[in-house]
Amino acid sequence: MDADVLVVGGGPTGLMLANQLGRRGIRATIVDRHSGPAQQTRAMAVQARTLEIYSRLGIAERALELGRRGTGANMWSEGKWAARIPLGDIGKSISPFPFVLMLGQDDNERIMGEHLRNWGMAVQWNTELTGLRQEPGHVSATLKQPDGSSREVQAAYVAGCDGGHSAVRELCGITFPGAAYEHVFFVADTEATGPMVAEELNVYLWREGFHLFFPMRGKDRWRVIGILPKKLQGRDDVTFEELSPDIRREAGANLVFKECSWFSIYHIHHRAAEKFRDRRCFLLGDAAHVHSPAGGQGMNTGLQDAYNLGWKLALVVKGHADAALLDSYEAERIPVARRLLATTDRAFMLVVSDTWLAGIFRTRILARIVAFVMTFERPKQFAFRTVSQTGIAYRESPLSKMLPGLPKGAPRAGDRFPWLRLKFQASGPVEDLFQKLDDTRYNLIVIGQPAPPGEAPGLGDLLSTHVIPDDAHNAQELARVRIPGPAFYLLRPDGHVGLAGTRLEPDAVTRYLSDGGIRTAGSLHRASIARMKSASRLPASSG
Ligand SMILES: Cc1cc2nc3c(=O)[nH]c(=O)nc-3n(C[C@H](O)[C@H](O)[C@H](O)COP(=O)(O)OP(=O)(O)OC[C@H]3O[C@@H](n4cnc5c(N)ncnc54)[C@H](O)[C@@H]3O)c2cc1C
């Protein structure tokens, strides 16, 4: 076998997956048909859940250094300022990163690409996947190499992180139903001065559509995106100079574009693959789902796909779990993609619709409604959980098991376990729970009771246990997220709750893990005894 996992595509999704595998000691090969990292910014928004994952990977500080925190969004109607939505610390009780970070996709890719060196890995550029053959114990992949020759490699698994035109998806014969939006979009990286509120997102709504100004790194740098005016549609050779008078007409005469370093027009599709897996091949990121950029979800969703699959592949490749664990990737991520497609589609139609009524709604009503609703705490929190992806849950997953007893409102199996600041020793300091969790293992959080003796043995490196002592601060923090005592939560490596209940019975954790296909020392021992017993029943001639 040449590699445990062949990662096809060195975009954000492939880089995240390769990092997650590398840090878990898995031999992954990552290839990309381009000659080097993408130079265009494309996605701009890094959501809180992605920053939480970056933090565990050790790259959050670098991202925060390079990016800009989105402190607010300004809504403009027909050139007039209408409202400001404060975004600064909208999710301050939900995540250690209670904001959206403006950081271009190219910077994200550079940070993750450089981080690969820590695991002795690097993207093999100019290397294109051209063929796939699924064999009983592996996949044979044909790679076109930089000199034009082809070579065949064998990998236990193949991860298709190869974008909207995925070769992995096509070679597996997986369909990609959906359609293209009729509108043509533009994106421009500019140097500009004008009425825009500096350092903040500026949303310009007008009768015929919208455009957005995102602040970028550097003085007066703005990413502008929007819909191409009708008169310019149907042509592939539109220039920014032809478009800019229209933007100026809407955003005000004071707007001056000094430079445009990148301009592109493109069609947006909304599609989801009919399945995310064919035997030993997986689809992640844009290879699995593409949708409108409304809400800045595209890149982030690919990164979450990779975080979901990474730990599962690592456990299976290392022999710590049955291959059945991999079924949960599709079961968990397909519903997320479908929901995302539906919500971004609805939001998108609202801002692009050409009808007279939609134009009135956009310019007269939308900004005011949004600004009013966002003065209330609950809708603010709901909006943050949705956009930041911290609200994604896998409650219907085969890996989610809820024992009776926990009250309504307490975190459920499948939820991302809430971010808490707790004392881990009665007289110790208050610490950030997320910094204590080891995301290369399962984490058992035991509340209001001692850890049962004998639970950890047999689980070796698979489990870390955290006993939360009784303490006034802890009681208050746990009450905030409606966790009563006694309670226990077994978190999967990705921080989602696998098993939850009140009193921790002996063997509960081991039983949950074995039922989910995780090979604990106990189950390995039982399996080897079973194998020995069945071998002793075989006739001598069977060898
Ligand atoms: C113009 C534009 C603007 C966008 N703006 C936003 C935005 O504002 N917000 C947002 O969230 N999203 C945005 N997106 C979407 C976002 O860029 C994608 O969601 C994101 O790039 C997905 O990452 P990925 O790694 O899954 O795929 P990609 O970034 O497409 O990476 C796939 C990689 O696979 C490689 N590859 C393809 N085929 C092969 C093969 N056969 N062999 C080897 N390698 C192969 C490609 O070279 C590429 O490097 C935008 C996209 C575009 C095009």
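Out of Glu191, Glu152, Glu182, report the one residue that is of a type outside the set (Gly, Ala, Ser), more than 29 Å from Leu21 (Cβ to Cβ) and without any contact (Cβ under 8 Å) to a residue 24 or more places away in the chain.
It is Glu182.
Yes or no, residue by residue, for (1) touching a strand residue (DSSP E or B) at 6+ places or on another chain (Cβ under 7 Å); (2) open to solvent by less than 10 Å² (accessible area, probe 1.4 Å); (3) of a type outside the set (Asp, Glu):
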| residue | (1), (2), (3) |
| --- | --- |
| Leu228 | yes, yes, yes |
| Val238 | yes, no, yes |
| Arg249 | no, no, yes |
| Val256 | yes, no, yes |
| Ile265 | yes, no, yes |
| His289 | yes, yes, yes |
| Ser292 | yes, yes, yes |
| Ala306 | no, yes, yes |
| Glu332 | no, yes, no |
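Return the residue satisfying two criteria in turn: it lies in the range 261-298 and is modelled with pLDDT of 95 or more and in a helix (DSSP H, G or I), and of such residues it is farthest from the ligand (Cβ to nearest atom).
It comes out as Ala287.
Checking Asp107 against (1) within 22 Å of the chain's Cα centre (by Cα); (2) within 12 Å of the ligand (Cβ to nearest atom): exactly one of these is not met. Which one?
For Asp107, the exception is condition (2).
For the structure I just gave you, tell me whether Glu78 is open to solvent by 60 Å² or more (accessible area, probe 1.4 Å), touching a Ser or Thr at 6+ places or on another chain (Cβ under 7 Å) and away from the ligand (no atom under 14 Å from the Cβ).
It is true that Glu78 is open to solvent by 60 Å² or more (accessible area, probe 1.4 Å), touching a Ser or Thr at 6+ places or on another chain (Cβ under 7 Å) and away from the ligand (no atom under 14 Å from the Cβ).
Suppose we keep only residues that are part of a loop (DSSP other than H, G, I, E, B) and within 9 Å of the ligand (Cβ to nearest atom) within the range 126-174. Which one would you say is most open to solvent (accessible area, probe 1.4 Å)?
Filtering the range 126-174 for residues that are part of a loop (DSSP other than H, G, I, E, B) and within 9 Å of the ligand (Cβ to nearest atom), the one most open to solvent (accessible area, probe 1.4 Å) comes out as His165.
Going residue by residue through the range 28-51, is there one that turns out to be surrounded by 19 or more Cβ atoms within 10 Å (Cβ to Cβ) and away from the ligand (no atom under 15 Å from the Cβ)?
Within the range 28-51, none of the residues are surrounded by 19 or more Cβ atoms within 10 Å (Cβ to Cβ) and away from the ligand (no atom under 15 Å from the Cβ).
Just the residues that are surrounded by 18 or more Cβ atoms within 10 Å (Cβ to Cβ), touching an Asp or Glu at 6+ places or on another chain (Cβ under 9 Å) and not small (Gly, Ala, Ser), please, taken from the range 335-351.
Val336
Give the residue that is farthest from Glu242 (Cα to Cα), with candidates limited to residues of the range 177-197 that are modelled with pLDDT of 90 or more and open to solvent by 30 Å² or more (accessible area, probe 1.4 Å).
Pro177
Here are some conditions: (1) surrounded by fewer than 20 Cβ atoms within 10 Å (Cβ to Cβ); (2) more than 16 Å from the ligand (Cβ to nearest atom); (3) of a type outside the set (Gly, Ala, Ser). Val317 meets all but one. Which one does it not meet?
(1)
Report, by residue number, each residue of the range 387-408 that is open to solvent by 40 Å² or more (accessible area, probe 1.4 Å) and either more than 30 Å from Ala73 (Cβ to Cβ) or free of Cβ contacts under 8 Å to residues at least 60 places away in the same chain (or both).
Of everything in the range 387-408, those that are open to solvent by 40 Å² or more (accessible area, probe 1.4 Å) and either more than 30 Å from Ala73 (Cβ to Cβ) or free of Cβ contacts under 8 Å to residues at least 60 places away in the same chain (or both) turn out to be Gly391, Arg395, Glu396, Pro398, Lys401, Met402, Leu403, Pro404, Gly405, Pro407, Lys408.
Could you list, in sequence order, all residues of the range 81-91 that are out of contact with any Phe, Trp or Tyr (no Cβ under 9 Å at 6 or more places or on another chain) and either over 15 Å from Phe214 (Cα atoms) or open to solvent by 20 Å² or more (accessible area, probe 1.4 Å) (or both)?
Trp81, Arg84, Pro86
Determine if the range 55-71 includes at least one residue that is more than 20 Å from the chain's Cα centre (by Cα) and under 26 Å from Met196 (Cβ atoms).
yes
The values are calculated or read from the model by the stated rules, or taken from the named source; none is laboratory data. What you are looking at is a predicted structure, and each value in this text was computed from that prediction instead of being measured. Note that each Cβ is placed from the backbone with ideal geometry, even for glycine, and that neighbours are counted across all protein chains shown. What goes into the accessible areas is simple: the full protein's heavy atoms, side chains included, and nothing from ligands, DNA or RNA. Shrake-Rupley method; radii C 1.70, N 1.55, O 1.52, S 1.80 Å.
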